Each structure stands twice: as structure tokens, then as C-alpha cells.
Amino acid sequence: MTTFENFIAGAWVAPETGDYFENRNPADWNDLIGTFPRSGASDLAKAVASARRGFAQWSKTPAPARGQVLQRVGQLLVERKEDIARAMTREMGKVLAETRGDVQEGIDTAFYAATEGRRLFGRVVPSELRNKWAMSYRRPIGVAGLITPFNFPLAIPTWKMFPALLCGNAVIFKPAEDVPLTGHLLVEVLLEAGLPPEVVQLVHGQGSVVGRALVEHPDVPVISFTGSTETGARIGETCGRMHKRLSLEMGGKNAMLVMDDADLDLALDGVVWGAFGTTGQRCTATSRLILHEKIHDRFLQRVADRVQQLRLGPGLEEGTDVGPLIHEEAREKVDEYVGIAKGEGAVVAIGGSVPGGAKLERGWFYTPTIFAGVKPGMRVEQEEIFGPALAVLKAKDLAEAIRINNDVQYGLSSSLYTRDVNGAFRAMADLDTGITYINAPTIGAEAHLPFGGVKQTGNGHREGGWEVYDFYSETKVVYVDYSGKLQRAQIDTYES
Ligand code: UN1
């Protein structure tokens, strides 16, 4: 058994609290991965003081040189992809193919960030006055606090960290308590790639202690958080009061719409992957299936038949389709929603129980579950369950399906299966989500496009792609007047 430490002020150090928590495999809770610091506010304060020194150095490093470090980070991730993926499956539970994908998303993000070091475009625009230049460019901001969830233990930290670093900021990383090992491995890679040590700080611990101290610290002007809408709202209040820049990625209740003219074989593959991949623990997961009434009964039957064949098991085992949930409360939550669904008059078509069998008895497994006969407004139709549970609804046409899709508080991802090009374009405009897929499921965003949602899913920012660089940099505007005389904007141009 290994004891892991924080990375603060350029060294691996024990927490000042002297306190540690256990990290166990969710597929086999006898498997203890290690113990990690349960840090306190004083650990965090030390990290901030060091990160400020890191920032002073890193912000003066030319952006292309910062990009070179990220290039090496990408290369190291390529070399370690298999090892990190295995470690990640062991601590998080999702199947190996998916954790390999998770590392790949980090690699893609690293290589994109590396090349951005030679762009980070500003603009030069004509001044309204003679002999005067007007331009904008991007400056680093300071120390960025990054609070990340368990479900993409590598990819989501990289979405935040790599653009933040490329823009010249220092970062403080607080990974979810369920996946501290992946966070540790990522910081090791950054250091090996040559990132100056004080530019990154890793502080393990509870959101309510370390996360909170990070959000409340006056010397951390940028916060990026992925997690629940409730926690995001609390963080938002603090950041609003302190005038901090904040990016939030929160809940989803994503729907797949399947019309009567769709390729149903394709839609079947799509919904099984979208709803039960990652054991449904994606904010992009397909958690509602809205079926055209003409195909509803037979398509639902096909989905149920297929989902029943999914093999539950440890993610490291060959042939496993669906791994465990992350922890006991997550499994209890799914089970509670089964009760809620029944109470509201929905039908549990399949699943709805804790599976038996020796292989599964020491993990947080739950049988893939389908709720049929769900009506708009039921709680299982409105609330994020974050587990292997799919609510199925019926609609009389595309317009009604879009209305049902939009009538929830969230707006991350949506999907439409159809062969009608006019309908597809109508849906692209009218589905009220940050991302829409046509003839593909609601999951699977690519690292080089903006990622994020509308309504209660986010607060208007995007991760990924080109837009995230706006979030992690401050726009500076410079006017250079080389006329040698006072020129008054808005006055002299128009008077002479
Ligand atoms: C998340 O679920 O929090 O689009 C992120 C996807 C992945 C990222 C999901 N690339 O499903």
C-alpha cells in the first residue's frame, strides 16, 4: 500500500493536517489503491503562495516555449497511455477501452494547446486617427484554481489545465477524491516534461475544505469547476462576490430523439452506447430516449433486448461492457430513482436492482435500467441520475420531441436520428443545448471543438477548442500614437 502526497512549492509533501483518506477500487472494495492527503486550508494557502511565484516566472516565458512543454506532455501521455488507462480503470471503474479514450482526449488537448502557443492571436485594427495604431493581445491572468470530477479523471483536468498553462497562468489542481491517483500521475507527467515546479500545485482533499478554500482565496482570480449544479451555484455566489472569473460545467439531462424514418439499427447502437457507456456517468450521457410513436413499441423492445445482454464486470476484465458506479451513494441514488419512477407510474422495463454473483459482490454494480412509459415532467425525466438508467418517452412528431427535449432545466447535449434533412436542420436550430449530434449519440465530443451547455448546465463559457483560450487570458488593448501631438478620439477625426 502506498501513501501519496500533495505537490506544493515544488516538492511532494505530507498535508499539514496529518490526515489521509483511502482510495479503493469501485469494482472490488478489498483492493486498496493507496492513501491520499486530506488537506486543510493551510496546505492550500501554501500552494497559492508558491503558485504566485510560479506565475511570475511562467507568465514571462514566451508562449511558443510554453507550448513546447505541452508538446512533451503530450508525448509522455502517448508513451504512458496504457499504464495510465489501467490505473484509471482500477480507481474509477469504467472499462479499459474508455479509459484509453480518456487518456487520448488528454493527448489531443495537449497537442492542440502546444500549437496554440504559436497562435494566441491578438488583433491589429485601424485607428480612427492618423499615425496611430490600435491593437489587442492576450495576457496571462494569474493563478487558476481547477476543481475536477471523477468521471473523466484525466481528460477533464487536461481540458482546464493545458489551456490555462499555455496562456501563461499557474494552476492549483484539486482532483475529485475518488480519482486522486490519476491526478497524481498527470502532475508527474507535467513535471517530467519540464514544467517549472511552482507552476503546478496538487492539493488533495475534500471539496468542502480544499475546494472551498481555493474558491475563497483572494489570490486565485480564476476558477474552473466541473460537477453538480448545486455546488456550481455555491461556487458562483462566492466568485460573483469576489469578482472572479468562473467557468462552470454542470448537469445534463440529454435526450436522443428517434424519428420513424431513422436508420433504427444505427439508432440502437447509438442509444446503448450513449446511455450505458461509462455506466451512464457522463454529463453528456443519453438519459432520455424520445421515440416517434410509430416506432416506439418495437424500438423499445429492441433496446431492452440489447441492454439485457450487456455484461457487467470489472473494467479491467476482457469482455466487460459496463463497469461499476463510482461509490455507494452513487449506486443508492440510482436505486432511489427506481423507487421514484415506480411511484410516478413509470414501468421498470429492465434492470432496477443490484446484481448478484460472486464476481460483482464486492463492487458498486447496478443492472442497466430502462424506465418505460415515462411522461414529461416526471422526476426521472427531469433530474440527472448519473448512472445506468434511461427514461423512454413517446412523441407524436419531431416538433413534440423537440419540445420535450427542451423542457428541462439543463441543456448540454442532444441527438436526433432521422433521414429527413429538413427535419435535421430544424432540430439543429431548435434543440436548446450547447451540442447537438445528428445520427450519433449524445456523447463523444472532440477535444478541438468548444464544449459546454446552456441553461443550468453552464454559465456561458466553453471548454475545449479555440474558445477556452479566451477564458484563460485577459485581453489587453494598446494604442500607440506616433503623431507627436494630442489627438482626441471621437472629436478630432470628425471635426477636421
Ligand atoms: C463529461 O461527461 O463530463 O463528450 C465529459 C463526451 C466526452 C466528455 C464528457 N468527450 O462524452
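Throughout, read-outs are computed from the coordinates displayed, never taken from laboratory work. Everything quoted here is computed from the prediction, not taken from an experiment. When we count neighbours, we look across all protein chains shown, and the Cβ atoms used for this are built from the backbone with ideal geometry, even at glycine.
Quick notes on this structure:
- For the range 256-351, alpha-carbon Rg and Dmax in angstrom: 14.3, 41
- Here's the list of lysines a cross-link from LYS476 could span, going by alpha-carbon distance under 28 Å and ignoring same-chain residues fewer than 8 apart: LYS60, LYS132, LYS160, LYS244, LYS485.
- Considering only GLY313, LEU393, THR418, and ranking their Cα positions along the charge dipole of the range 283-420 that arises from unit charges at the beta-carbon of Lys, Arg, Asp and Glu, the one farthest toward the positive end is THR418.
- Ranked by the mean number of other Cβ atoms within 10 Å per residue, highest first, peptides 476-482, 35-41, 247-253 order as 247-253, 35-41, 476-482.
- Estimated at 0.36 nm per residue, the fully extended path between ARG379 and ALA49 surpasses their Cα-Cα distance by 114.3 nm.
- Mean Cβ neighbour count within 10 Å, used as a protection proxy, ranking 310-316, 343-349 highest first: 310-316, 343-349
- Along each principal axis, Cα extent of the range 254-438, largest first, Å: 51, 34, 30
- Taking each residue as 0.36 nm, the span from GLN409 to GLN490 lengthens on full extension beyond its C-alpha to C-alpha distance by 24.7 nm.
- Derived scalar couplings ³J(HN,Hα) [the range 286-301; Karplus, 6.51 cos²θ - 1.76 cosθ + 1.60; whole Hz; x for Gly, Pro]: 6, 10, 10, 10, 10, 9, 4, 4, 5, 10, 3, 5, 6, 5, 4, 4
- Derived scalar couplings ³J(HN,Hα) [the range 363-370; Karplus, 6.51 cos²θ - 1.76 cosθ + 1.60; whole Hz; x for Gly, Pro]: x, 8, 7, 8, 5, x, 10, 10
- Assuming charge only on the beta carbon of Lys and Arg (+1) and of Asp and Glu (-1), the dipole of the chain about its Cα centre is about 1480 debye to the nearest 20.
- Under 14 Å, Cα to Cα: Lys pairs in the range 254-438, sequence gap 8 or more or different chains: 5
- Degrees between helix 421-430 axis and first principal axis of the chain (Cα, 0 to 90, nearest 10): 60
- Annotation: Cα Rg of the range 164-240 relative to the compact-globule expectation 2.2 N^0.38 Å equals 1.14.
- Under a 5 Å amide H cut-off, with hydrogens placed 1.01 Å from N, LYS132 pairs with TYR482 among residues at least 5 apart or on other chains.
- Taking every alpha-carbon pair under 8 Å whose residues sit at least 6 apart, the chain reaches a relative contact order of 18 percent.
- Evaluated at q = 0.24, 0.26, 0.28, 0.32 Å⁻¹, a Debye calculation over the C-alpha positions of the range 275-318 (equal weights, vacuum) places log10 I(q)/I(0) at -0.97, -1.03, -1.07, -1.13.
- Loop-located GluC sites (Glu not before Pro) across the range 364-447 with a Cβ neighbour count of 15 or fewer within 10 Å are GLU446, with loop assigned by DSSP.
- Computed magnitude of the charge dipole of the range 63-180 (debye, nearest 20; Cβ of K, R +1, Cβ of D, E -1): 720
- Computed P(r) (all Cα pairs; the range 1-44; 5 Å bins; percent): 5, 24, 26, 19, 13, 9, 4, 0
- Amide H within-cut-off set for PHE371, under 5 Å, with H built and near neighbours excluded: ALA349, LEU390, ALA391, VAL392
- Given charges at Cβ of Lys, Arg, Asp, Glu: the chain dipole, positive-most of THR89, TRP364, PHE121: PHE121
- Scalar couplings 3J(HN,Hα) for the range 144-155, obtained by applying the Karplus form with A = 6.51, B = -1.76, C = 1.60 to θ = phi - 60°, are 9, x, 10, 10, 10, x, 8, 6, 10, x, 9, 4 Hz; x denotes Gly and Pro.
- As a rough guide to protection, the peptides 50-63, 104-117, 419-432 ranked by mean Cβ packing within 10 Å, highest first, stand as 104-117, 50-63, 419-432.
- D_trans [Stokes-Einstein, Kirkwood Rh over alpha-carbon pairs] for the chain, 10 °C, 1.306 mPa s, µm² s⁻¹: 67
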